[in-house]
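Taken together, the values in this text are just the output of simple stated rules run on the coordinates, not laboratory data. Being a predicted model, the structure only gives us computed values, none of them experimental. Cβ coordinates were reconstructed from backbone atoms using ideal geometry, including for glycine residues, and neighbour counts include every protein chain displayed.
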Amino acid sequence: MDNVIFIISTILTVGGALCVLLTKNVMHACVYLLTCLLGVAGLYVTLGADFVAATQLAVYVGGVVILMVFAVMLTGGPNSQSSNKFGIVKIPMMGNAKTYIIGIISAVIFGLMAYKVLSRVITSIQAGEAPVFTETVEKIGFMLVTDHVLAFEISSVLLLGALVGAAIIARPKRGV
Amino acid sequence: MMTLTSYLMISTFLFLCGLVAVIARKNLIAVLLGIELILNASALNFVAYTRFVNNNLDGHIFPLFIIIVAAAEAAVGLAIVIRFFQIRESIHIDDATQLQS
């Protein structure tokens, strides 16, 4: 089971990184970066780092890549309204074979990750005990507020400063 | 199959892809994508070493801070890209010449 997750995650990671490097379209590069980050999250699961994998999914796949996609859309790019030679605006397809294959592989790895994380809960529920789920999460929580509390606070100040700075920099031009 | 060496090879490959993307791509957003790849390679190294070398959880703390810094960096970087697009109407990397003269 671990080997299957490892192989699929490696394929997603390496292929996603290569496609980020080689594709011409920036929007496609963002989507390939998403598959690459998903593969890295799978590698975290094989290494036993559940909380880091969940954070990777929530912050990167849910936040940073969406931010990238919005930036690509706000900064123009190639003209997306494609028309054929008769001047009729062509409705683009929902996807091609490549995107469907990537979607299927992503769904498989997400299912395997969910199974791997939840398997202990499922077996312990079947055995009639309380679920043993939050091993690394509990320890990481203790370590964040005892040993690494200074870095924790500094990171909160860093995030506040970065978001205020980003809002000020990207502010539209006044009047002029 | 799941040894430390294989994880280090994957991490090295990610780092090389990110480095080539930072150097060779001519789009500002693609450069930011390369920086994300480099940060992920370093975080993967931390988790791999803490799994195979020492088993304390300090190596799980560091990827969390790397992810935080990457989110902040992406926010500020994309704000700069959008501002640059408002000024120069382009995000090609060779158009960023305002600080040279």
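Take each residue in B:29-36, count the other chain C-beta atoms within 10 Å of its C-beta, and the mean is 6.
Packing around the peptides A:47-56, A:150-159, taken as the average count of other Cβ atoms within 10 Å per residue, puts them in this order, highest first: A:47-56, A:150-159. Only helices enter this figure: runs of n ≥ 4 DSSP H residues, each worth -39500 (n - 2.57), summed and divided by the residues of chain B, yield -27000 deg cm²/dmol at 222 nm to the nearest 500.
Entry note: segment B:42-101 has Rg to Rh equal to 1.29, where both radii use alpha-carbon atoms and Rh is the Kirkwood radius.
Note on chain B: GNM, Cα springs under 10 Å; of B:Asn40, B:Asn27, B:Asn56, the largest mean-square fluctuation is that of B:Asn56. Ranking of A:Cys36, A:Cys19 by neighbouring Cβ atoms within 10 Å, starting from the fewest: A:Cys19, A:Cys36. Would you mind giving the mean number of other chain beta-carbons within 10 Å of the Cβ of each residue in A:102-109, as a whole number? That average works out to 0.
Summing charges over all other residues whose Cβ lies under 12 Å from the Cβ of B:Gly77, with Lys and Arg as +1 and Asp and Glu as -1, gives -1. Short-range pairs are left out: with C-alpha atoms under 8 Å and at least six residues apart, the relative contact order of segment A:3-73 is 33 percent. Sorting the segments B:90-99, A:21-30 by their residues' average number of neighbouring beta-carbon atoms within 10 angstrom, most packed first, yields A:21-30, B:90-99.
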